[in-house]
Amino acid sequence: MTCVASIDIGTNTVRLLILETKPDGSLREVSQVRAITRLGKGMDTEKKLLGDRMDETISVLTKFRDECRKFEPLTIRAVATSAVREAGNQKDFVSRAKKEAGLEIDVISWEEEADLMVKGVLWKLPNIEKDILVFDIGGGSTEFILARDRRIISSIGTQLGTVRLTEKFISHHPIDVNEYKALETHLRRELNVVKEKLSVFPPEVLVGTAGTVTTLAAIDGNVYPYDPETIHGRSLTFKRVEELLEDLKNKSLVERSAMRAIEKGREDLIIVGGALVLETMRVFECNLLIVSEHGLREGLVLDTLS
């Protein structure tokens, strides 16, 4: 039996997953860790990774490498997405990760990210042999993928990221009505462009992945401590997402931080994330959202083993 580790270095969160391959070909999770480092903080204005955010992320990656050593021999696939992809000092970060954390980082394109993400999202999700729209909300970008029979038909990458949009639109908590209206207008305009580009066929099923949708599902089901198996495959109606978001909008950062289902470091971003989920459901006329706990990390492992 061997192990495969995947590390997803996102704009807001860094995630580690280690799966063990069993003799019968199945996979068993042996370790899963994540940390919010907000690596992409200030990217829209600075166009580079900030020193303290790099330091924090490299520190987390070093801990992840130590965790991986417990399961040697193993293969490690580490990828960086939106923030590192856009950063003017991308090479500095990749070089530091290799020197200080002992990790080779592959900075992947959004097309590669979308392909790997769909592999992971649809893994272990039953009854998805339909026309589906998958979306992955990140801190710096959101990918939308139209798929049929588990194959990508069309995809588009956007700059609709929770860190990016929060820095641009939201500065008051509880939420200022005018700020939220400006965010809502921007999202609808951008999502209508996405819909036009993904117009091959209308989706029968909407599937969301990553921290925003899993957090909304955790709040909805009062899931604490966080349990991936309980979250995976849950569904949320448009009305329920609307109710959850309205409640969150009326809370201060302190009040949101006190909610057990919200991971520390996500209390400000959940508003933009929730708005993006709600507007995606509205624009694509999907009343039901299926939540996938799996995503890029699982896709990386499956791709490594294929």
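The values are calculated or read from the model by the stated rules, or taken from the named source; none is laboratory data. Since the structure is predicted, the reported quantities are computational estimates derived from the model, not experimental observations. Cβ atoms come from the backbone with ideal geometry, glycine included; neighbour counts cover every protein chain shown. Note: areas computed on protein heavy atoms with side chains; ligands, DNA, RNA excluded. Shrake-Rupley method; radii C 1.70, N 1.55, O 1.52, S 1.80 Å.
Quick look at the values:
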| read-out | value |
| --- | --- |
| Among F135, A147, Q159 - extreme Cα towards positive end, dipole of the stretch 116-162, charges at beta-carbon | A147 |
| Tally of Lys pairs whose C-alpha atoms are under 18 Å apart, taken over the stretch 147-278, 8 or more apart or cross-chain | 7 |
| Total charge dipole magnitude, the chain, about the Cα centre, Cβ charges on Lys, Arg, Asp, Glu only, Debye to nearest 20 | 300 debye |
| The stretch 50-148: relative contact order as a whole-number percent, Cα under 8 Å and 6+ apart | 24 percent |
| Residue-wise HN-Hα coupling along the stretch 72-89, computed from phi with Karplus coefficients 6.51, -1.76, 1.60 (Hz; x: Gly, Pro) | 5, x, 8, 9, 10, 10, 10, 10, 10, 10, 3, 4, 5, 4, 8, 6, x, 9 |
| Within the accessible area of the stretch 139-221 (1.4 Å probe), percent carbon and sulfur | 48 percent |
| For S31, residues with placed amide H under 5 Å, excluding near neighbours | I18 |
| Max mean-square fluctuation residue, GNM over the chain, Cα-Cα springs under 10 Å, options K91, K70, K124 | K70 |
| Charge dipole of the stretch 191-290 about the Cα centre (unit charges at C-beta), most positive-ward option of Y224, V207, V254 | V254 |
| Interchain or long-range residues, amide H under 5 Å from R77's placed H | A5, S6, I7 |
| Descending principal axes extents, the stretch 152-241, alpha-carbon based, whole Å | 39, 36, 23 |
| Computed E for Q159/S31 - FRET, C-beta separation, R0 25 angstrom, nearest 0.05 | 0.20 |
| The chain - percent relative contact order, Cα under 8 Å, separation 6 or more | 20 percent |
| Share of pairwise Cα separations in the chain, more than 34 Å, in percent | 17 percent |
| Built amide H within the under 5 Å cut-off of I137, gap 5+ | T209 |
